[in-house]
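Trainee: First the structure, then my questions, so here it is.
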Amino acid sequence: MTDPKTTAQALITNVEKVIVGKHDTIELAIISLLCQGHLLIEDVPGVGKTMLAKSIAKSIGCVFKRIQFTPDMLPSDVTGVRIFDQRSREFVYQPGPIQANIVLADEINRATPKTQAALLEAMEERQVTIDGETHKLDEPFLVMATQNPIEYEGTFPLPEAQLDRFMLRIRLGYPEPHDEITVLNSQQRVHPIDSLEQAIVASELLAAQAAIREIYVDVLIKTYIIEIVTRTRKHADIYLGASPRGSLTLFRSAQARAALQGRDYVIPDDVKVLAPFALAHRIIVSPSARIKDVDAESLIREILASVAVPGGSVKPN
């Protein structure tokens, strides 16, 4: 069986040739990839969101397509359209850019909600339906979306249903000064993305994704996950708590992190590290809490601090 840690490390090492000084963020992106989950990269312009997505796609060597979202984009520009073929005298499906293994939805929140919604079926069911005809998407399939903070001009907030379909939401942040010097040096003549080579093949990724699901999760860890998610639904400062998809995301991503750490079992620290990235974008902070400048990440960390960490138990044979 393929060792997911080996596959993940090969990807991380390769991506770090382009994205400097962001090991933890790259690791989160690879965790999402190993879990067959979609990734939302949110940050200010110019910090490398698009380059991270392109680096991951190039490292896998799958079919990669980029969709540059704009306010005038239509849903058919994403999913494709049926056109009339004069020769056959019938309508035929003309695939859109969604028909790829890795889809970069660049600046997704610059498109209107109607166009954003065109991704919903593809992200959840890995298929698109055009005029009543369903078309399956190839595996592996991953949407990596970038978005600017909603305070920026020309942006539309993503609908809650859209946000819930992203496994993790990550941020890159500004680089440290010494890392920024490395970036300047590496791009003095050419961009490192131009010479980035493929690190793994698609079959290795699919095998690693299957291996992740075999990581052992004790019933105490499952209960711990459910307790954290349940607290989001009862917290006074949270208007809308995380969905059951949030529980499954935390469960699956904890398996992937355990594998990256070289373990075949999940520990509470896996859950604690991933909870802010897996749950914060799935909750809606109440208006009264927003007035007090309370954000979703701080609420998740408050919940983590209040939930008792489970003790150990004997792993069954």
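Trainee: Quick check on segment 124-138: of everything there that is modelled with pLDDT of 85 or more and part of a loop (DSSP other than H, G, I, E, B), which residue is nearest to the chain's Cα centre (by Cα)?
Mentor: Per the criteria, the residue is 126.
Trainee: I'd like the full set of residues that are β-branched (Val, Ile, Thr) and assigned to a helix (DSSP H, G or I), limited to segment 158-194.
Mentor: Initial filter on segment 158-194 (β-branched (Val, Ile, Thr)): 170, 181-183, 190, 193.
Across segment 158-194, the qualifying residues are 181, 182, 183, 193.
Trainee: Same structure again: Please pick out the residue among 30, 26 that is at pLDDT 90 or above, closer than 23 Å to residue 245 by Cβ and of a type in the set (Val, Ile, Thr). Let's see the steps before the verdict.
Mentor: Working: 26 fails: closer than 23 Å to residue 245 by Cβ.
Going through 30, 26 in turn, the sole match is 30.
Trainee: Here's another thing I want to ask about it. Only residues that are at pLDDT 90 or above, out of contact with any Phe, Trp or Tyr (no Cβ under 8 Å at 6 or more places or on another chain) and among the hydrophobic types (A, V, I, L, M, F, W, C): list them for segment 164-192, please.
Mentor: Those that are at pLDDT 90 or above, out of contact with any Phe, Trp or Tyr (no Cβ under 8 Å at 6 or more places or on another chain) and among the hydrophobic types (A, V, I, L, M, F, W, C): 166, 167, 181.
Trainee: Hey, residue 164 hits all of (1) surrounded by fewer than 16 Cβ atoms within 10 Å (Cβ to Cβ); (2) within 18 Å of the chain's Cα centre (by Cα); (3) among the acidic types (Asp, Glu) but one; which does it fall short on?
Mentor: (1)
Trainee: Inside segment 268-306, can you point out the residues that are in a loop (DSSP other than H, G, I, E, B) and buried (at least 18 other Cβ atoms within 10 Å of the Cβ)? Let's see the steps before the verdict.
Mentor: Residues of segment 268-306 in a loop (DSSP other than H, G, I, E, B): 283, 286, 292-295.
Listed by number, the list holds a single entry, 283.
Trainee: When segment 4-29 is examined, which residues are found to be surrounded by 20 or more Cβ atoms within 10 Å (Cβ to Cβ) and touching a Ser or Thr at 6+ places or on another chain (Cβ under 9 Å)?
Mentor: 11, 14, 15, 18, 19, 26, 28
Trainee: Please find, within segment 230-239, the residue that is farthest from the chain's Cα centre (by Cα) out of those that are surrounded by fewer than 16 Cβ atoms within 10 Å (Cβ to Cβ) and either assigned to a helix (DSSP H, G or I) or modelled with pLDDT of 95 or more (or both).
Mentor: Narrowing segment 230-239 to residues surrounded by fewer than 16 Cβ atoms within 10 Å (Cβ to Cβ): 230, 233-234, 236, 239.
Filter once more, so that each one left must be either assigned to a helix (DSSP H, G or I) or modelled with pLDDT of 95 or more (or both): 230, 233-234.
On the way: 230: 23, 233: 23, 234: 26 Å.
This residue is 234.
Trainee: Same structure, new question: Residues to consider are 97, 177; find the one that is more than 17 Å from residue 37 (Cα to Cα), without any contact (Cβ under 8 Å) to a residue 40 or more places away in the chain and surrounded by 14 or more Cβ atoms within 10 Å (Cβ to Cβ).
Mentor: Every option except 97 fails the conditions.
Trainee: All but one of (1) crowded, with 18+ Cβ neighbours inside 10 Å; (2) assigned to a helix (DSSP H, G or I) hold for residue 242; state the number of the condition that does not hold.
Mentor: Looking at each condition in turn, residue 242 falls short on (2).
Trainee: Does residue 104 satisfy the condition of being among the hydrophobic types (A, V, I, L, M, F, W, C) and under 19 Å from residue 32 (Cα atoms)? Give the derivation first.
Mentor: Details: among the hydrophobic types (A, V, I, L, M, F, W, C): yes; under 19 Å from residue 32 (Cα atoms): yes.
Answer is yes for this residue.
Trainee: Here's a check for you: in segment 251-267, which residue that is among the charged types (D, E, K, R) and assigned to a loop (DSSP other than H, G, I, E, B) is modelled with the lowest pLDDT?
Mentor: Taking segment 251-267 as the starting set, the residues that turn out to be among the charged types (D, E, K, R) are 252, 257, 263-264.
Those still in the list that are assigned to a loop (DSSP other than H, G, I, E, B) too: 263-264.
Values: 263: 93, 264: 90.
Filtering segment 251-267 for residues that are among the charged types (D, E, K, R) and assigned to a loop (DSSP other than H, G, I, E, B), the one modelled with the lowest pLDDT comes out as 264.
Trainee: In addition: What number of residues in segment 81-123 are outside any loop (DSSP other than H, G, I, E, B) and under 23 Å from the mean Cα position of the chain (by Cα)? Talk me through it step by step, then tell me what you get.
Mentor: Narrowing segment 81-123 to residues outside any loop (DSSP other than H, G, I, E, B): 81-85, 90-95, 102-106, 108-110, 113-123.
Of the ones still in play, those that are also under 23 Å from the mean Cα position of the chain (by Cα) are 102-106, 108-110, 113-123.
Residues meeting the conditions: 19.
Trainee: Could you list all residues from segment 24-49 that are among the small types (Gly, Ala, Ser) and free of Cβ contacts under 8 Å to residues at least 12 places away in the same chain?
Mentor: Once the filter is applied, which keeps residues that are among the small types (Gly, Ala, Ser) and free of Cβ contacts under 8 Å to residues at least 12 places away in the same chain, segment 24-49 yields only 46.
Trainee: Looking at 227, 197, which is the one that is part of a helix (DSSP H, G or I), of a type in the set (Asp, Glu) and either outside the structural domain of residue 21 (by TED's automatic domain parsing) or touching a residue at least 12 places away in the same chain (Cβ under 8 Å) (or both)? Steps first, answer last, please.
Mentor: On the way: 197 fails: part of a helix (DSSP H, G or I).
Result: 227 is the single residue among 227, 197 that is part of a helix (DSSP H, G or I), of a type in the set (Asp, Glu) and either outside the structural domain of residue 21 (by TED's automatic domain parsing) or touching a residue at least 12 places away in the same chain (Cβ under 8 Å) (or both).
Trainee: If you check every pair at least six apart or on different chains, which have Cβ atoms under 8 Å apart with a residue in segment 70-89 that is touching a residue at least 40 places away in the same chain (Cβ under 8 Å) and on the phi > 0 side of the Ramachandran plot first and a residue that is of a type outside the set (Lys, Arg) and outside any strand (DSSP E or B) second?
Mentor: Qualifying pairs under 8 Å: 80/96; 80/98; 80/99.
The values are calculated or read from the model by the stated rules, or taken from the named source; none is laboratory data. Computed from a prediction, not measured in an experiment: that's the story for all the values here. We place every Cβ from the backbone using ideal geometry, glycine too, and count neighbours over all the protein chains shown.
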